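The numbers here are math on the coordinates, done by the rules we state, and not lab data. As the structure is a computational prediction, the values presented were derived from the model and not from experiment. In this analysis, Cβ positions are derived from the backbone assuming ideal geometry, glycine residues included, and neighbour counts consider all displayed protein chains.
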Amino acid sequence: MANSAKRLAQKLTKAFPQALGELEEFRDEITIAVDTASEIASICQYAKTELGFDYLVDISSVDNYGDDPRFEVVYELYGYEHQSHLRLVTQVSEEAASLPTVTGIWRTADWHEREIYDMMGIRFEGHPDLRRILMWEGYPHYPLRKDFPLAGKPTELPEIAFTKEAPLEGGPFVTTPGAGDRVKSEPRSKS
Amino acid sequence: MSPRRVLGIESRANPGPSPNIVESQRFITRSRLKDADYNMAEVKDIEIKDSAASAAEALAGIDAQEEELTDLQGEKLTLNMGPSHPSTHGVLRIVLELDGEVITKADPDVGYLHRGDEKIAENMTYTQFIPYTDRLDYLAPLANNVAYALAVEKLMGIDKDLPPRCQYIRVICCELARVSAHLLGLGAFAMDVGAMTVFLHTFTEREKIYNLIEALTGARFTTSYTRIGGLSRDLPTHWIKDCERFLAGVEINFYETERLLTRNKIFVDRTKDVGVLPLDVAIDYGVTGPNLRASGSNHDIRKVHPYLVYEDLDFDVPVGTVGDSYDRYLVRIEEMRQSVRIIRQCLKNLPDGPISIADGKTVLPPKDKVLTSMEELIHQFVLVTQGVDAPKGQIYFGAENPKGELGFYIKSKGGGAPHRLKIRAPSFVNLSALPYLLKGSMMSDTVAILGSIDFVMGESDR
């Protein structure tokens, strides 16, 4: 299985030699780094039509807070015909915070991209209906970013949801994100 | 006094409601002169038009207004459904745009149950997150536990080293969860389209599954049964016997459920050719699980990329042909039968041995060893305070859950907590096909389509 995925991945890198970086293999899964994020839509189109990746399993986003570029967007592709899995990883900078959409290629991307916009604040150019999906329209923050505290933030919308910080914030049972190692972020280190 | 007594109006030979309501009813009137003249009553026919007939007659004469009426036909009505509508089985809101009875646009609104599970996961160790997985698809918590544990084990590279007994018990857990989830899904689906009895039937069996789960895990609902590298406890005594007894009973229940539904005229009429999802559209929308297989794909992760011991087990994958609500029902019924078959094989071939990996750096050592041996004490301390030591890297693991492919994407920067944990929730993705499914269908079919999709909002909203 990993062999056929590798073969398909090599075909893909051959088709886009500039845009795609190195193959990486971990636990029988192939990951390709996409160096030119603006090419992602045409790479995905090629992967679907030429290489048979007809099923977009998932799109995830990662916040590498403190790194540049800050965000990563991860596409999990799968082909029902050849039963191989392939992962594409793109980098998105905080200033741009935008990517071309792949909704025209797989319709399932619609909700995944809306979720990433909602949680991480990355915009998808050309998305037909880029609204928040899990949080409510008008919510001012992007909660999955690493600089968003676990305890929540007060909002200036007095009538909507809670406007005060969560009571546990800073409490003994809350881990401290970004505190360096696990020992420092671990709740019991505070007591 | 009734008009009948006063006027002597009596309907003779009334054949019941006429099939054509425009047709006037005929009455035979008996005009009454004196009390004594009953027998000499004069019989004459009069015509009494009903309201529909007179309305049709009134409209026939008005040509000028006809144009206005056709204009009105295109007018759209926006109807809000949910977030707490009985047929949405949770907090799903759908904004429907109607043209008469036909849905022209449907916009599902999810997120009412968003708890930020992915954010929570980043802030705790892998083991601490297990209880949160109970609350994803809360109709099949055991299957979520297993899927999550397998994802973390894949990241750590120990998923192939699990002891056989652990793998068999995990398969039993997954399949029990599948039976439980499908029983509820079918019961609720049948109730939505008007068959109340089925719901009571299936709930009786679910209660027995809960009793089994309680004996196994100590909790009926929030099981948290798996651990990274094993299970929290072994099977209790007599559990295998109890489980076998349950399996014998539940098969009769499947039979009865099928007797109530499969050839039930009302049920078939309400589900057949309703909400048809062609295979290419299903794949385009990323639909998985029984919903995908009802559309004609035989893709089952348990078969295609077998995890645990599914490779050694003998079971069939039911596949639909049309992809309508009725097919989705049939696939689920058959999947439960296959689950029972799998559990039987597992119970029969259940090997002896440990239920967890014998590695002190992954699995908590037994309590008596912790209190008597230095090395185990250190392992226990490190595991509890820092968690398992996962390597750097990123993995995706998808498991065949009752609702579809439950996937976990984990990006690790090393250490005991994930840098990012993304949950690919099957209900979320399956619901994204709703605008396609609902468009063009009748308003009353909404409940049949929603019921046949079988989603759980706890998982969709995470």
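Among B:Glu153, B:Glu376, the ranking by other beta carbons within 10 Å of each residue's beta carbon, starting with the fewest, stands as B:Glu376, B:Glu153.
With a Förster radius of 60 Å applied to the C-beta separation of A:Arg131 and B:Met374, the computed FRET efficiency comes to 0.55.
The ellipsoid that matches the Cα gyration tensor of the stretch A:1-153 has semi-axes, each √(5λ) in whole angstrom, of 28, 17, 14, with the longest given first. For B:Ile169, neighbours were defined as the other residues whose beta-carbon sits under 13 Å from its Cβ, and their charges (Lys and Arg +1, Asp and Glu -1) total +1. For A:Asp68, B:Asp359, B:Asp192, the sequence from fewest to most other C-beta atoms within 10 Å is A:Asp68, B:Asp359, B:Asp192. Charge dipole (Cα centre; +1 on Lys/Arg Cβ, -1 on Asp/Glu Cβ; no other charges) of the stretch B:231-284 amounts to roughly 280 debye. Projecting the Cα atoms of B:Leu450, B:Leu383, B:Gly414 onto the charge dipole of the stretch B:372-462, computed from C-beta unit charges around the Cα centre, puts B:Gly414 farthest toward the positive end. For the stretch A:20-152, a crude dipole built from +1 on the beta carbon of Lys and Arg and -1 on the beta carbon of Asp and Glu, taken about the Cα centre, is about 460 debye to the nearest 20. Among A:Tyr80, A:Tyr117, a tally of other beta-carbon atoms within 10 Å of each Cβ gives an order, fewest to most, of A:Tyr80, A:Tyr117. Specify the inter-centroid distance of the stretch B:279-336 and the stretch B:387-428, based on alpha-carbon positions, in whole Å. Using only Cα atoms, the two centres lie 23 Å from each other.
In percent, rounded to a whole number, the relative contact order of the stretch B:108-461 is 28, using alpha-carbon pairs under 8 Å and six or more apart.
Taking GluC sites (Glu not before Pro) across the stretch A:9-91, the ones in a DSSP loop with at most 13 further Cβ atoms lying within 10 angstrom of their Cβ are A:Glu50, A:Glu81. For the stretch B:108-461, a Kirkwood hydrodynamic radius built from all Cα pairs, placed in the Stokes-Einstein relation at 4 °C and 1.567 mPa s, yields a translational diffusion coefficient of 62 µm²/s.
Remark: the stretch B:160-199 is approximated by an ellipsoid whose semi-axes, taken from the C-alpha gyration tensor as √(5λ), come to 34, 7, 4 Å, largest first.
Dividing the convex hull volume of the alpha carbon atoms of the stretch B:253-399 by its residue count gives 185 Å³ per residue.
A dipole drawn for the stretch B:108-461 from +1 and -1 charges on Cβ atoms has a positive end, and of B:Ile228, B:Ala140, B:Ser373 the residue lying farthest that way is B:Ser373. Taking Lys and Arg as +1 and Asp and Glu as -1, the other residues whose beta-carbon sits under 12 Å from that of B:Arg420 total +2.
Near B:Gly415, the amide H atoms lying under 5 Å from its own belong to B:Ala390; only residues 5 or more places off or on other chains count, and H is placed 1.01 Å from N. Counted by Cβ distance under 13 Å from B:Ile449, the other residues give a net charge of -2, where Lys and Arg count +1 and Asp and Glu count -1.
Note on A:Lys14/B:Trp239: beta-carbon distance plugged into 1/(1 + (r/R0)^6) with R0 of 56 Å gives a FRET efficiency of 0.50.
Of the trypsin sites (Lys or Arg not before Pro) found in the stretch A:46-137, those that fall in a DSSP loop while having at most 12 other beta-carbon atoms within 10 Å are A:Arg131. Positive end of the dipole of the stretch A:32-137 (Cβ unit charges, origin at the Cα centre): among A:Ala96, A:Phe53, A:Val73, the Cα lying farthest that way belongs to A:Phe53.
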